[in-house]
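Step one of this worksheet: look at the structure below.
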Amino acid sequence: MGQDILYHLAMGTESHNLVEMFGDVKFVCMGGTPQRMENFAHYVMKEIDFNLPIGATLIDLSQYRYSMYKVGPVLSISHGMGISSIGILLHEIIKLMFHAKVKNPIFFRIGTSGGVGVKGGTVVISDTACDELLNNYYETPIVGNLVKRPAILDQSLVQELKALADPEDPYDVVTGGTMCANDFYEGQGRLDGAFCNYSEKDKMDYLKKLQNHGVKNIEMEVVPFAAMTHHAGIRAAVVCVTFLDRLKGDQRKW
Ligand code: R2B
Ligand code: URA
(Lines give C-alpha, C1' and ligand atoms only; values in the text may rest on other atoms or scores of the structure.)
(Ligands and ions follow the chains in the order given, each with its own letter.)
Protein backbone atom coordinates (compact mmCIF):
# COMPACT_ATOMS: atom_id res chain seq x y z
CA MET A 1 0.00 0.00 0.00
CA GLY A 2 1.22 3.49 -0.81
CA GLN A 3 -0.53 4.74 2.27
CA ASP A 4 -2.67 3.07 4.92
CA ILE A 5 -5.70 4.85 6.28
CA LEU A 6 -6.75 3.73 9.74
CA TYR A 7 -10.22 4.93 9.00
CA HIS A 8 -11.97 4.46 12.35
CA LEU A 9 -9.06 6.03 14.23
CA ALA A 10 -9.06 9.02 11.88
CA MET A 11 -5.34 8.54 11.26
CA GLY A 12 -3.14 7.47 8.38
CA THR A 13 0.43 6.82 7.39
CA GLU A 14 0.54 9.89 5.12
CA SER A 15 -1.28 12.33 7.36
CA HIS A 16 0.42 11.37 10.65
CA ASN A 17 3.95 10.57 11.73
CA LEU A 18 2.97 7.35 13.46
CA VAL A 19 6.52 6.44 14.53
CA GLU A 20 6.94 9.78 16.27
CA MET A 21 3.46 9.69 17.80
CA PHE A 22 3.37 6.03 18.92
CA GLY A 23 6.88 4.57 18.58
CA ASP A 24 7.40 4.42 22.38
CA VAL A 25 4.16 2.56 23.20
CA LYS A 26 4.56 -0.51 25.41
CA PHE A 27 1.04 -1.11 26.70
CA VAL A 28 -2.26 -0.82 24.87
CA CYS A 29 -5.20 -0.73 27.26
CA MET A 30 -8.72 -1.02 25.90
CA GLY A 31 -12.03 -0.65 27.65
CA GLY A 32 -15.62 -0.04 26.65
CA THR A 33 -16.38 3.65 27.08
CA PRO A 34 -14.58 6.87 26.09
CA GLN A 35 -15.10 8.38 29.55
CA ARG A 36 -13.68 5.38 31.37
CA MET A 37 -10.61 5.32 29.15
CA GLU A 38 -10.05 9.04 29.67
CA ASN A 39 -10.31 8.48 33.44
CA PHE A 40 -7.93 5.54 33.13
CA ALA A 41 -5.39 7.70 31.26
CA HIS A 42 -5.51 10.26 34.09
CA TYR A 43 -5.11 7.43 36.62
CA VAL A 44 -2.06 6.08 34.76
CA MET A 45 -0.61 9.59 34.60
CA LYS A 46 -0.63 9.74 38.41
CA GLU A 47 0.57 6.16 38.87
CA ILE A 48 3.63 6.54 36.64
CA ASP A 49 4.24 10.15 37.65
CA PHE A 50 3.95 11.33 34.09
CA ASN A 51 4.00 15.07 33.55
CA LEU A 52 2.50 16.71 30.50
CA PRO A 53 4.34 19.77 29.20
CA ILE A 54 3.30 22.90 31.12
CA GLY A 55 -0.07 24.16 29.94
CA ALA A 56 -0.88 20.96 28.03
CA THR A 57 -3.91 18.76 28.73
CA LEU A 58 -4.61 15.19 27.82
CA ILE A 59 -6.43 15.11 24.50
CA ASP A 60 -8.39 12.51 22.60
CA LEU A 61 -6.05 11.64 19.70
CA SER A 62 -8.74 9.91 17.69
CA GLN A 63 -12.06 11.70 18.26
CA TYR A 64 -14.01 9.65 15.77
CA ARG A 65 -15.43 6.16 16.38
CA TYR A 66 -13.09 5.50 19.29
CA SER A 67 -11.35 7.69 21.86
CA MET A 68 -7.63 7.37 22.35
CA TYR A 69 -5.34 8.86 25.00
CA LYS A 70 -1.59 8.45 25.29
CA VAL A 71 0.34 8.74 28.54
CA GLY A 72 4.01 7.97 27.90
CA PRO A 73 4.22 4.27 27.03
CA VAL A 74 0.51 3.64 27.71
CA LEU A 75 -2.28 3.94 25.17
CA SER A 76 -5.78 4.04 26.61
CA ILE A 77 -8.49 3.43 24.00
CA SER A 78 -12.23 2.87 24.04
CA HIS A 79 -13.45 -0.16 22.08
CA GLY A 80 -17.24 0.23 22.24
CA MET A 81 -19.50 -2.75 22.80
CA GLY A 82 -19.32 -6.17 21.25
CA ILE A 83 -17.38 -8.32 18.86
CA SER A 84 -17.53 -6.26 15.69
CA SER A 85 -16.61 -3.01 17.44
CA ILE A 86 -13.53 -4.43 19.17
CA GLY A 87 -12.68 -6.44 16.03
CA ILE A 88 -12.43 -3.34 13.85
CA LEU A 89 -10.38 -1.55 16.51
CA LEU A 90 -7.99 -4.50 16.84
CA HIS A 91 -7.32 -4.55 13.09
CA GLU A 92 -6.46 -0.86 13.15
CA ILE A 93 -4.46 -0.91 16.42
CA ILE A 94 -2.41 -3.93 15.30
CA LYS A 95 -1.65 -2.02 12.07
CA LEU A 96 -0.93 1.14 14.07
CA MET A 97 1.65 -0.75 16.18
CA PHE A 98 3.22 -2.10 12.97
CA HIS A 99 3.40 1.31 11.29
CA ALA A 100 4.79 2.87 14.49
CA LYS A 101 7.50 0.15 14.56
CA VAL A 102 6.53 -0.82 18.11
CA LYS A 103 8.19 -4.06 19.26
CA ASN A 104 6.36 -6.49 21.55
CA PRO A 105 3.53 -4.34 22.88
CA ILE A 106 1.25 -5.91 25.49
CA PHE A 107 -2.50 -5.52 25.03
CA PHE A 108 -5.02 -5.41 27.87
CA ARG A 109 -8.77 -5.28 27.90
CA ILE A 110 -9.93 -3.77 31.18
CA GLY A 111 -13.67 -4.04 31.29
CA THR A 112 -16.93 -4.77 33.00
CA SER A 113 -18.76 -8.07 33.17
CA GLY A 114 -21.43 -10.10 34.92
CA GLY A 115 -20.13 -12.58 37.48
CA VAL A 116 -21.06 -16.25 37.54
CA GLY A 117 -20.99 -17.41 41.17
CA VAL A 118 -18.68 -14.59 42.27
CA LYS A 119 -19.82 -11.57 44.22
CA GLY A 120 -20.23 -8.14 42.62
CA GLY A 121 -16.96 -6.19 42.70
CA THR A 122 -14.79 -9.25 42.12
CA VAL A 123 -11.97 -8.75 39.60
CA VAL A 124 -11.63 -11.63 37.14
CA ILE A 125 -8.40 -12.22 35.22
CA SER A 126 -9.43 -14.40 32.28
CA ASP A 127 -7.37 -17.55 31.81
CA THR A 128 -9.61 -18.98 29.08
CA ALA A 129 -12.16 -17.53 26.67
CA CYS A 130 -15.23 -19.23 25.23
CA ASP A 131 -18.35 -18.29 23.29
CA GLU A 132 -21.99 -18.97 24.23
CA LEU A 133 -21.62 -22.58 23.04
CA LEU A 134 -18.41 -23.05 25.05
CA ASN A 135 -16.18 -23.03 21.96
CA ASN A 136 -12.66 -21.74 22.65
CA TYR A 137 -12.28 -20.17 19.24
CA TYR A 138 -13.41 -17.13 17.29
CA GLU A 139 -15.44 -18.22 14.29
CA THR A 140 -15.84 -15.54 11.67
CA PRO A 141 -16.88 -15.53 8.01
CA ILE A 142 -14.02 -14.50 5.69
CA VAL A 143 -14.63 -14.37 1.92
CA GLY A 144 -17.51 -16.80 2.20
CA ASN A 145 -15.81 -19.32 4.49
CA LEU A 146 -16.15 -19.73 8.23
CA VAL A 147 -12.67 -19.35 9.70
CA LYS A 148 -11.86 -20.51 13.24
CA ARG A 149 -9.09 -18.81 15.18
CA PRO A 150 -8.13 -20.17 18.62
CA ALA A 151 -8.97 -17.74 21.43
CA ILE A 152 -5.87 -18.09 23.59
CA LEU A 153 -4.65 -15.77 26.33
CA ASP A 154 -1.07 -15.49 27.57
CA GLN A 155 -0.87 -17.66 30.70
CA SER A 156 2.33 -16.09 32.03
CA LEU A 157 0.61 -12.70 31.91
CA VAL A 158 -2.33 -14.17 33.85
CA GLN A 159 0.09 -15.28 36.57
CA GLU A 160 1.96 -11.94 36.57
CA LEU A 161 -1.32 -10.06 36.99
CA LYS A 162 -2.60 -12.41 39.68
CA ALA A 163 0.65 -11.85 41.61
CA LEU A 164 -0.13 -8.11 41.70
CA ALA A 165 -3.28 -8.69 43.76
CA ASP A 166 -2.83 -7.37 47.27
CA PRO A 167 -4.51 -9.23 50.17
CA GLU A 168 -5.42 -5.75 51.47
CA ASP A 169 -7.44 -4.99 48.30
CA PRO A 170 -11.10 -4.44 49.27
CA TYR A 171 -12.19 -6.86 46.51
CA ASP A 172 -11.39 -10.41 45.47
CA VAL A 173 -9.15 -11.13 42.50
CA VAL A 174 -9.70 -14.49 40.83
CA THR A 175 -8.62 -16.21 37.63
CA GLY A 176 -11.09 -18.14 35.53
CA GLY A 177 -12.92 -18.61 32.29
CA THR A 178 -14.72 -15.74 30.58
CA MET A 179 -17.70 -16.26 28.30
CA CYS A 180 -18.12 -13.86 25.40
CA ALA A 181 -21.70 -13.25 24.29
CA ASN A 182 -22.98 -11.59 21.14
CA ASP A 183 -25.78 -9.97 23.06
CA PHE A 184 -26.33 -8.51 26.52
CA TYR A 185 -29.84 -9.89 27.03
CA GLU A 186 -30.95 -13.20 25.51
CA GLY A 187 -27.34 -14.05 24.62
CA GLN A 188 -26.47 -13.88 28.34
CA GLY A 189 -29.64 -15.66 29.48
CA ARG A 190 -31.20 -12.55 30.98
CA LEU A 191 -34.90 -12.56 31.81
CA ASP A 192 -35.28 -8.80 31.35
CA GLY A 193 -34.77 -8.29 27.61
CA ALA A 194 -37.51 -7.16 25.21
CA PHE A 195 -38.04 -10.85 24.46
CA CYS A 196 -37.61 -13.87 26.68
CA ASN A 197 -38.96 -17.17 25.40
CA TYR A 198 -37.28 -19.32 28.02
CA SER A 199 -37.91 -19.95 31.71
CA GLU A 200 -35.98 -18.93 34.79
CA LYS A 201 -34.99 -22.60 35.10
CA ASP A 202 -33.56 -22.56 31.55
CA LYS A 203 -31.52 -19.49 32.49
CA MET A 204 -30.23 -21.03 35.74
CA ASP A 205 -29.43 -24.35 34.04
CA TYR A 206 -27.41 -22.45 31.44
CA LEU A 207 -25.52 -20.33 33.98
CA LYS A 208 -24.77 -23.45 36.08
CA LYS A 209 -23.50 -25.18 32.94
CA LEU A 210 -21.16 -22.23 32.34
CA GLN A 211 -20.08 -22.33 35.98
CA ASN A 212 -19.32 -26.08 35.79
CA HIS A 213 -17.19 -25.30 32.76
CA GLY A 214 -15.05 -22.90 34.85
CA VAL A 215 -16.67 -19.66 33.63
CA LYS A 216 -16.37 -16.89 36.24
CA ASN A 217 -17.76 -14.00 34.23
CA ILE A 218 -19.63 -12.99 31.08
CA GLU A 219 -18.85 -10.10 28.77
CA MET A 220 -18.90 -9.32 25.06
CA GLU A 221 -15.35 -9.02 23.66
CA VAL A 222 -12.95 -11.61 25.09
CA VAL A 223 -13.12 -14.13 22.22
CA PRO A 224 -12.11 -11.85 19.32
CA PHE A 225 -9.66 -10.03 21.60
CA ALA A 226 -7.91 -13.29 22.58
CA ALA A 227 -8.07 -14.72 19.05
CA MET A 228 -6.84 -11.67 17.17
CA THR A 229 -3.98 -10.88 19.57
CA HIS A 230 -2.93 -14.55 19.57
CA HIS A 231 -3.08 -14.62 15.76
CA ALA A 232 -0.86 -11.52 15.66
CA GLY A 233 1.60 -12.97 18.22
CA ILE A 234 0.79 -10.24 20.76
CA ARG A 235 0.79 -10.99 24.51
CA ALA A 236 -2.60 -10.02 25.85
CA ALA A 237 -4.75 -10.22 28.96
CA VAL A 238 -8.33 -9.46 29.95
CA VAL A 239 -9.13 -8.11 33.41
CA CYS A 240 -12.76 -7.35 34.20
CA VAL A 241 -14.65 -6.27 37.24
CA THR A 242 -18.01 -7.98 37.84
CA PHE A 243 -21.01 -5.76 38.46
CA LEU A 244 -23.24 -8.43 39.91
CA ASP A 245 -23.57 -12.17 40.40
CA ARG A 246 -25.76 -13.40 37.55
CA LEU A 247 -26.82 -16.40 39.68
CA LYS A 248 -28.59 -13.80 41.85
CA GLY A 249 -30.09 -11.44 39.29
CA ASP A 250 -29.98 -9.65 35.95
CA GLN A 251 -30.34 -5.92 36.54
CA ARG A 252 -27.78 -3.46 37.67
CA LYS A 253 -28.44 0.04 38.91
CA TRP A 254 -26.45 2.94 37.54
C1 R2B B 1 -19.31 -5.38 29.13
O2 R2B B 1 -20.18 -4.38 29.24
C3 R2B B 1 -20.75 -4.08 27.96
C4 R2B B 1 -22.22 -4.35 27.98
O5 R2B B 1 -22.87 -3.59 28.95
C6 R2B B 1 -19.97 -4.94 27.00
O7 R2B B 1 -19.15 -4.19 26.14
C8 R2B B 1 -19.14 -5.74 27.87
O9 R2B B 1 -18.26 -6.62 27.40
N1 URA C 1 -21.30 -6.57 30.75
C2 URA C 1 -21.89 -7.67 30.23
O3 URA C 1 -21.69 -8.01 29.06
N4 URA C 1 -22.70 -8.38 31.04
C5 URA C 1 -22.98 -8.02 32.31
O6 URA C 1 -23.76 -8.70 32.98
C7 URA C 1 -22.36 -6.85 32.83
C8 URA C 1 -21.52 -6.14 32.01
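The values are calculated or read from the model by the stated rules, or taken from the named source; none is laboratory data. Small disclaimer: the values here were computed from a predicted structure and weren't measured. Counting neighbours? That spans all protein chains shown, and the Cβs are built from the backbone with ideal geometry, glycine included. Only protein heavy atoms, including side chains, enter the accessible area calculation; ligands, DNA and RNA are left aside. Shrake-Rupley method; radii C 1.70, N 1.55, O 1.52, S 1.80 Å.
All other residues whose Cβ lies under 12 angstrom from that of residue 208 are scored, Lys and Arg at +1 and Asp and Glu at -1, for a net of +2. The angle between the Cα long axis of helix 34-47 and the main principal axis of the chain comes to about 70°, on a 0 to 90 degree scale. Once the Cα atoms are used to define both axes, helix 222-232 deviates from the longest principal axis of the chain by about 40 degrees.
Which net charge results for the neighbourhood of residue 104, defined as the other residues with beta-carbon distances under 11 angstrom from its beta-carbon, given Lys and Arg at +1 and Asp and Glu at -1? That sum, taken over residues with Cβ under 11 Å, equals +3. What is the percent carbon and sulfur in the accessible area of the chain, measuring with a 1.4 Å probe over the protein chains and ignoring ligands? Ligands and nucleic acids excluded, carbon and sulfur give 55 percent. The Stokes-Einstein estimate for the chain, based on a Kirkwood radius over Cα pairs and taken at 25 °C with 0.890 mPa s viscosity, is a diffusion coefficient of 128 µm²/s. Centre-to-centre, using Cα atoms only, the range 136-159 and the range 30-105 are separated by 23 Å. Per residue, the chain exposes 53 Å² of solvent-accessible protein surface, assessed with a 1.4 angstrom probe and all protein chains in place. Each Lys or Arg adds one and each Asp or Glu takes one away; over the other residues whose Cβ falls under 10 Å from the Cβ of residue 176, this sums to 0.
Of all lysines in the structure, those lying under 30 Å Cα to Cα from residue 201, and not within fewer than 8 positions of it along the same chain, are 119, 209, 216, 248, 253. The largest accessible area among 83, 5 belongs to the first residue in 5, 83, and the rest follow in falling order (1.4 Å probe, all chains).
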